[in-house]
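The values are calculated or read from the model by the stated rules, or taken from the named source; none is laboratory data. Model, not experiment: these values are computed from the prediction. All Cβ positions, glycine included, derive from the backbone under ideal geometry; neighbour counts span all protein chains shown. Areas reflect the complete protein model, heavy atoms only, side chains present, ligands, DNA and RNA absent. Shrake-Rupley method; radii C 1.70, N 1.55, O 1.52, S 1.80 Å.
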Amino acid sequence: HPYSPSSLQSREFCPHYTGREGSTNAAAEAGTRQHAISETGEDDPHVDDEQYMAVTQCLTMYADVKAKFHTDDAPVSEYTEEYLPIDDEKITVKGKVWEGTSAGYFDRTFVTHDGKHCEAFDWKFGVWPVEPTKNNRQAEAYVLGLFRRFPTVDTVTFNIGQPQVSPELDSFSWHRSSIPALLTRARAIVHRAIVAERDPTYAKAKPSTGICLFCGNIGKCPKD
């Protein structure tokens with residue numbers, strides 16, 4: 001999705017932020033492989049021991065949370081890598097229609113046996129700390145998508161695992177009553193970005209090392 005959940009934090013800070021299409025690096029490729037291992041459990045000869053340990057740490061954290069809710073008599077329902085639009089809107093970019101104002105793939109989630117509670121997980125294998133979950137726009141977008149995907153769920157706890165940063169999950173919970181506020185914010189971020197793409201003079205660009213390093217506007221930024 002051109003306005004994926006992972007871009008929302010940067011777009012909120014600077015509406016002129018845009019992704020770097022087609023670019024990659026060793027860290028990004030390693031992270032992709034680590035995510036694949038966490039989903040399939042299959043070995044990858046390109047992943048070293050330290051990277052494997054990070055995956056193992058994330059899966060252990062997941063298992064520890066699951067153990068609090070799963071029993072033989074009341075098993076949880078598990079899901080991986082589903083595409084989650086945050087709403088029923090359509091976004092058209094360069095002639096292509098995308099489902100949802102924003103949409104993306106979560107890493108892993110489970111729903112309790114009674115269908116009322118969801119625990120969702122996103123793994124970050126890099127060394128850059130991400131925004132805390134309670135203020136993380138990517139997490140909020142996935143939470144919106146999960147409420148939409150599972151209409152019986154009342155609460156979603158989102159857990160971010162950063163094994164290179166912390167041995168603990170960073171977690172925060174949202175109730176279904178939070179949907180209007182979360183949806184308003186996500187839509188506002190995306191629509192400001194759309195306007196900024198059409199009109200470079202709209203709003204000031206806000207340079208920041210942590211954001212500019214990953215922005216596709218490097219060298220052509222409309223900042224003052």
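For the range 99-121, which positions are in a loop (DSSP other than H, G, I, E, B) and surrounded by 20 or more Cβ atoms within 10 Å (Cβ to Cβ)?
Correct list: Gly100, Thr101, Ser102, Phe106, Asp107.
Keeping to the range 40-75, report how many residues are touching a residue at least 24 places away in the same chain (Cβ under 8 Å), under 24 Å from the mean Cα position of the chain (by Cα) and not in a helix (DSSP H, G or I).
Looking only at that region, the number is 1.
How do the pairs read when you match residues in the range 126-140 that are open to solvent by 70 Å² or more (accessible area, probe 1.4 Å) with residues anywhere that are of a type in the set (A, V, I, L, M, F, W, C), using Cβ under 6 Å and keeping only pairs 6 or more apart or on different chains?
Sorted first by the residue in the range 126-140, then by its partner, the pairs are Pro129/Val165; Lys134/Phe172.
Only one of Ile91, Ile37 is over 19 Å from Trp128 (Cα atoms), out of contact with any Lys or Arg (no Cβ under 9 Å at 6 or more places or on another chain) and assigned to a strand (DSSP E or B); which?
Of the residues listed, the single one that is over 19 Å from Trp128 (Cα atoms), out of contact with any Lys or Arg (no Cβ under 9 Å at 6 or more places or on another chain) and assigned to a strand (DSSP E or B) is Ile91.
Looking at the range 77-85, is at least one residue in contact with a Pro (Cβ under 8 Å, 6 or more places away or on another chain) and open to solvent by 10 Å² or more (accessible area, probe 1.4 Å)?
No, the range 77-85 contains no residue that is in contact with a Pro (Cβ under 8 Å, 6 or more places away or on another chain) and open to solvent by 10 Å² or more (accessible area, probe 1.4 Å).
Name the residue that is farthest from the chain's Cα centre (by Cα), counting only residues in the range 116-172 that are farther than 20 Å from Gln51 by Cβ and of a type in the set (Gly, Ala, Ser).
Out of the qualifying residues, it is Ser171.
Condition (residue is in contact with a Ser or Thr (Cβ under 9 Å, 6 or more places away or on another chain) and more than 15 Å from Ser6 (Cα to Cα)) applied to the range 160-169: is it met by at least one residue?
Taking every residue of the range 160-169 in turn, at least one turns out to be in contact with a Ser or Thr (Cβ under 9 Å, 6 or more places away or on another chain) and more than 15 Å from Ser6 (Cα to Cα).
Among the candidates Glu119, Glu82, Glu140, Glu78, which residue alone is modelled with pLDDT under 95 and touching a Lys or Arg at 6+ places or on another chain (Cβ under 8 Å)?
Matching residue, one of Glu119, Glu82, Glu140, Glu78: Glu82.
How many residues does the range 194-215 contain that are in contact with a Cys (Cβ under 9 Å, 6 or more places away or on another chain), touching a residue at least 40 places away in the same chain (Cβ under 8 Å) and either on the phi > 0 side of the Ramachandran plot or in a helix (DSSP H, G or I) (or both)?
Total satisfying the criteria: 3.
Looking only at residues that are more than 14 Å from the chain's Cα centre (by Cα) and hydroxyl-bearing (Ser, Thr, Tyr) in the range 1-20, which one is surrounded by the most Cβ atoms within 10 Å (Cβ to Cβ)?
Among residues in the range 1-20 that are more than 14 Å from the chain's Cα centre (by Cα) and hydroxyl-bearing (Ser, Thr, Tyr), the one surrounded by the most Cβ atoms within 10 Å (Cβ to Cβ) is Tyr17.
Would you mind finding the one in Leu183, Leu169 that is surrounded by 13 or more Cβ atoms within 10 Å (Cβ to Cβ) and over 20 Å from Met61 (Cα atoms)?
Leu183
Within the range 45-75, how many residues turn out to be touching a helix residue (DSSP H, G or I) at 6+ places or on another chain (Cβ under 8 Å) and surrounded by fewer than 16 Cβ atoms within 10 Å (Cβ to Cβ)?
2
May I ask you to verify whether Val65 is among the hydrophobic types (A, V, I, L, M, F, W, C) and over 16 Å from His113 (Cα atoms)?
no
Here are some conditions: (1) within 25 Å of Ser77 (Cβ to Cβ); (2) crowded, with 16+ Cβ neighbours inside 10 Å. Pro163 meets all but one. Which one does it not meet?
(1)
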